[in-house]
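Engineer: I have a structure I would like to understand better, so I am pasting it below and will then ask my questions one at a time.
The values are calculated or read from the model by the stated rules, or taken from the named source; none is laboratory data. Keep in mind the model is a prediction, meaning the values are calculated, not measured. Cβ: placed from backbone, ideal geometry, glycine included. Neighbour counts: every protein chain shown. Just so you know, the surface numbers come from the protein's heavy atoms only, side chains and all, with ligands and any DNA or RNA stripped out. Shrake-Rupley method; radii C 1.70, N 1.55, O 1.52, S 1.80 Å.
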Amino acid sequence: MGMIREALAGQRIAVTGGTGFLGTALIERLLRSVPGCELVVVVRPGRRGAAERVRREILRNDCFDRLRRELGDRFDEEVGRRLSAIAGDVSTDGLGLDEDGRRLLTSCRTVIHSAASVNFDAPLDGAVEVNLLGPTRLAQTLAAAGAHGPPPHLVAVSTAYVAGTRRGDAPEAVLADTPFAADVDWRPEVAAARRARDDADADSRDPKLLARFTKAARAELGAAGTPVLSAKAERLRHDWVKDRMVTLGKARARALGWPDAYAYTKALGERALLETRGDVPVSIVRPSIIESSFAEPGGGWIRGFRMAEPVIISYGRGLLKEFPGIPEGIVDVIPVDLVCSAIIAVAGRGPAPNGEPDVFHVASGARNPLRYRQLVDLVRAWYLEHPLADSDGQPIVVPEWSFPGRGRVQRQLQQATRSISAAERVLQSLPIRGRQAQWSARLEERRLEAERALGYVELYGSYTETEAVFRVERLLELWDSLDDADRAEFVFDPAVIDWPSYVRDTHMPSVVSHARVRTVGTRATRVQSRGERGRKAVLSPARQLAVFDLENTLIASNVVESFAWLATRHLDDEDRVRFTLRTLREAPRLLALDRRDRGDFLRHFYRRYKDAPVARLRADSWEMFSDLILTKAFPAGIRRVREHRRLGHRTLLITGALDVVIEPLRPLFDDVVCASLGEQRGRFTGELLKAPPTGEARALLMADYARAQGLSLEEAVAYADSASDLPMLEAVGHPVAVNPEVKLAAIARKRGWHVEQWPRAAGGPRPLLPIGPRVGARS
């Protein structure tokens with residue numbers, strides 16, 4: 001059976017951080033390899049509750065595929081019998097536990113604490129609450145079990161990089177006994193971080209900053225409506241506070257000799273835990289850089305992107321041509337299953353016999369080092385044999401990797417980011433849309449790539465330059481104490497790893513697969529598949545409602561062009577010229593007003609219809625339909641409306657255009673909402689009977705319409721072309737950006753919305769300003 005299984009048989013073991021990479025692997029391993037134990041999983045409840053989060057975010061992960069195969073139909077029953085979920089949050093005093101959760105947690109004999117804020121660029125205050133204070137809060141809760149018996153054994157997962165960026169051997173010892181630890185009292189650090197957060201939040205409310213956030217929101221979203229712009233400005237304010245706390249975390253950590261806020265708060269978290277643990281027995285497990293699995297539950301299993309993956313993928317895509325580091329330096333990585341085995345072995349051994357805290361490194365550098373140059377050579381060789389594809393499906397040939405200093409790479413990437421941003425600003429000021437807007441999209445993608453690369457250099461550069469060697473004597477003593485059965489089941493000796501085989505045959509295929517990057521020979525299938533998936537979703541019989549914008553969504557025309565056609569219909573040639581010149585002269589002002597507020601623009605523009613004869617315009621609109629509207633229509637858009645109706649979906653047109661203009665289009669839709677002008681003695685007054693639905697008003701109208709028709713907006717589709725239609729698109733479960741202008745193209749790409757490119761009908765005239773044919777000019 002093995003000593004570990006025997007020691008843990010019948011135990012109730014709690015695990016925090018189960019939704020993370022290490023926590024998920026640990027839960028699976030305990031369920032599969034220690035069949036006699038019960039598990040209590042502590043997770044933040046979220047909206048769904050703790051049990052549902054465990055089911056969706058942990059048990060559905062492919063990490064459990066092997067266990068599902070082994071248990072077959074008994075999987076749900078077995079897991080349900082052995083696993084309990086409780087709601088708890090280590091960032092909250094008392095963990096936010098209810099009485100039942102507290103009772104269940106303190107009944108455990110072992111608690112494995114793997115919950116952490118693992119982002120290297122986490123905001124300082126968040127990292128302090130989770131990494132620094134989390135272990136202490138947990139220990140204080142466990143200490144309450146002392147009244148009913150000995151408190152549980154706390155196995156706290158930390159990181160080997162609490163040793164900081166210093167050189168030389170890092171022993172397996174508490175930080176107070178090592179020469180690497182800065183002598184810092186953790187309590188003032190906590191107080192300072194909390195105070196800094198309050199100060200940053202207060203500073204973010206300065207009127208000048210609030211005006212800047214509003215301006216930035218309008219620049220990104222245009223005339224999307226006050227609620228949307230206000231919500232975006234508030235998100236920008238929160239982002240500003242977060243960025244300030246991230247910067248502060250980096251600065252404070254590096255000032256004290258740690259590479260980032262993660263290592264800094266983990267180090268102080270160890271100190272706080274050991275000072276406040278009371279009678280709770282503590283063991284600390286310090287992994288190095290945790291990467292994809294070596295063998296358990298299968299080779300290459302990984303959850304999310306770890307530290308090395310973004311750099312590896314960026315290199316394969318040709319984005320990173322060089323990265324700082326020491327060629328002969330050690331990149332201390334360790335597969336996740338070796339870390340799980342070590343943690344389980346520490347739990348099985350129990351607290352140290354002398355009752356003192358003990359420390360175990362789970363690292364490869366001292367026992368089986370992987371040199372930076374060796375890793376680079378292995379990755380490059382793999383890409384030369386299995387290249388990624390560029391946007392045209394052509395293989396990307398990765399360059400020879402160089403090992404420059406961090407400063408040089410940072411300067412190059414900063415300059416690239418500035419240049420691309422300048423080009424972006426120029427394009428965004430132009431009234432382009434559809435496929436032309438993709439120029440801006442490509443520029444934005446390149447800027448984001450450069451920014452990501454710069455972030456990787458800033459975040460991870462120190463890890464490739466570290467010269468600390470993490471000793472593993474105590475880990476190997478634990479390994480030597482195991483019997484043959486345990487060594488076969490719970491492998492954690494780093495010497496078992498053959499680095500060339502692991503990188504080439506296990507890690508690289510897994511990384512590329514999980515990154516979902518395009519590889520040579522797959523471009524056509526991937527692009528076609530994505531487009532087909534989007535169209536299949538919007539045309540599913542399950543959809544109930546399809547809502548359409550009109551201008552530049554179904555027709556390549558607007559209210560100015562319609563007015564120009566109708567206004568010149570009865571003018572002589574001289575007046576037509578004057579009208580055309582006057583309208584073109586006004587175009588920039590009208591465009592600016594439209595971008596600022598669509599509703600104000602329509603109210604202002606429709607005053608031009610004052611005193612126009614109603615009967616004549618209604619008659620002229622039918623000829624305009626064939627002369628202008630149809631020639632500027634998008635046939636694919638008209639077909640799409642008919643497809644929705646054929647599927648039994650309700651169709652609704654929402655437009656700011658006048659009823660007299662869109663009257664010929666009414667039969668195409670079930671319902672139409674449009675603008676209409678007042679009439680007096682057979683002439684238009686130039687005043688709107690009611691404000692046309694624009695911005696957030698469209699979303700409210702759609703909600704009322706769906707409620708009245710007994711329909712669900714979650715099962716609705718909306719088609720629009722502009723960021724000003726953002727509320728309309730956000731209101732439905734299936735938004736579609738049609739020939740999007742630059743701002744909407746960027747939003748759709750970020751949010752993964754379906755995009756359609758609908759061309760105009762071929763052969764139609766394309767004048768700068770449509771002029772209605774003079775009465776009598778046609779037979």
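Engineer: Would you mind checking which residues have amide H under 5 Å from H754's amide H? H placed 1.01 Å from N; only 5 or more apart, or other chain.
Structural biologist: Distant-sequence amide H within range of H754: A737.
Engineer: Could you give me the ³J(HN,Hα) list for region 711-726, computed from phi with Karplus coefficients 6.51, -1.76, 1.60 and θ = phi - 60°, whole Hz, x at Gly and Pro?
Structural biologist: 10, 10, 5, 4, 9, 10, 10, 10, 10, 7, 10, 10, 5, 5, 8, 4
Engineer: Please list the non-local residues whose amide H lies under 5 Å from the amide H of L39, H modeled 1.01 Å from N, same-chain partners needing a gap of 5 or more.
Structural biologist: Residues meeting the amide H criterion: I13, L83, S84.
Engineer: Could you state how much accessible area H570 has, in square angstrom rounded to the nearest 10, with a 1.4 Å probe and all protein chains kept in place?
Structural biologist: Roughly 80 Å² of H570 is accessible to a 1.4 Å probe.
Engineer: Still on this model: Where both partners of a DSSP beta bridge lie in region 598-749, what percent of those bridges are antiparallel, to the nearest 5?
Structural biologist: Here the antiparallel bridges make up roughly 35 percent for region 598-749.
Engineer: Also, I was wondering about something else. Suppose every K and R has +1 on its Cβ and every D and E has -1 on its Cβ; what is the size of the dipole of region 570-720 about the Cα centre, in Debye to the nearest 20?
Structural biologist: Using Cβ point charges on Lys, Arg, Asp and Glu, region 570-720 gives about 160 debye.
Engineer: Moving on. Please give the solvent-accessible surface of E574 in Å², to the nearest 10, using a probe radius of 1.4 Å with every protein chain present.
Structural biologist: Counting only protein heavy atoms, E574 exposes about 120 Å² to solvent.
Engineer: Mind checking the per residue accessible area of region 89-229 for me, 1.4 Å probe, whole number of Å²?
Structural biologist: Accessible area per residue: 45 Å².
Engineer: Under the Kirkwood approximation applied to all pairs of distinct alpha-carbon atoms, what is the hydrodynamic radius of region 215-346 in Å?
Structural biologist: Taking the inverse mean of 1/r over all distinct Cα pairs, region 215-346 comes out at 19.4 Å.
Engineer: Something else now. What are the residues whose amide H is under 5 Å from the amide H of R44, where those residues sit 5 or more places off or on another chain and H is modelled from the backbone?
Structural biologist: G88
Engineer: In what order, largest first, do R349, R212 sit by accessible area if the probe radius is 1.4 Å?
Structural biologist: Accessible-area ranking of R349, R212, largest first: R212, R349.
Engineer: Applying a 10 Å radius around every beta-carbon, put 194-205, 290-301 in order of their mean neighbour count, most first.
Structural biologist: 290-301, 194-205
Engineer: Using a 1.4 Å probe over the heavy atoms of the protein chains, calculate the carbon and sulfur portion of the accessible area of region 318-360 as a whole percent.
Structural biologist: Carbon with sulfur: 60 percent of the solvent-accessible area.
Engineer: Each residue of region 672-686 in turn: what ³J(HN,Hα) in whole Hz from Karplus with 6.51, -1.76, 1.60 and θ = phi - 60°, glycine and Pro shown as x?
Structural biologist: Result, ordered by residue: 10, 10, 8, 8, 9, 9, x, 10, 8, 6, x, 10, 6, 7, x Hz.
Engineer: Compute the Rg to Rh ratio over region 713-761 from the alpha carbon atoms, using the Kirkwood formula for Rh, and round to two decimal places.
Structural biologist: Result: Rg/Rh = 0.95.
Engineer: With every protein chain in place, what's the accessible area of K321 (1.4 Å probe, Å², nearest 10)?
Structural biologist: 120 Å²
Engineer: Something else: Taking only the alpha-carbon positions of region 59-193 and ignoring solvent, what does the Debye formula give for the base-10 log of I(q)/I(0) at q = 0.15, 0.18, 0.22 Å⁻¹?
Structural biologist: After summing over all Cα pairs, the log10 values are -0.96, -1.17, -1.34.
Engineer: Gap in Å between the Cα centre of region 502-516 and the Cα centre of region 195-210?
Structural biologist: 44 Å
Engineer: List, in the order given, every pair from K208/K232; K610/K690; K690/K743; K215/K743 whose Cα-Cα distance in the structure shown is over 20 Å.
Structural biologist: Where the Cα-Cα span goes over 20 Å, the pairs concerned are K690/K743.
Engineer: Can you compute 3J(HN,Hα) from phi for each residue in region 88-105, using the Karplus curve 6.51 cos²θ - 1.76 cosθ + 1.60 with θ = phi - 60°, rounded to whole Hz and x for Gly and Pro?
Structural biologist: My calculation for region 88-105 gives x, 9, 6, 7, 10, 4, x, 6, x, 7, 7, 5, 5, x, 5, 4, 5, 5 Hz in order.
Engineer: OK, next. Work out the charge dipole of region 636-757 with +1 on the Cβ of Lys and Arg and -1 on the Cβ of Asp and Glu about the Cα centre, then indicate which of P664, L688, L700 is farthest towards its positive end.
Structural biologist: P664
Engineer: Of the listed peptides 3-12, 65-74, what is their order by residue-averaged count of other C-beta atoms within 10 Å, with the highest listed first?
Structural biologist: In decreasing order of mean packing, 3-12, 65-74 become 3-12, 65-74.
Engineer: May I pose another question? At a 10 angstrom cut-off on C-beta neighbours, averaged per residue, how do the peptides 361-373, 130-142, 614-626 rank from highest to lowest?
Structural biologist: For the peptides 361-373, 130-142, 614-626, the packing ranking is 130-142, 361-373, 614-626.
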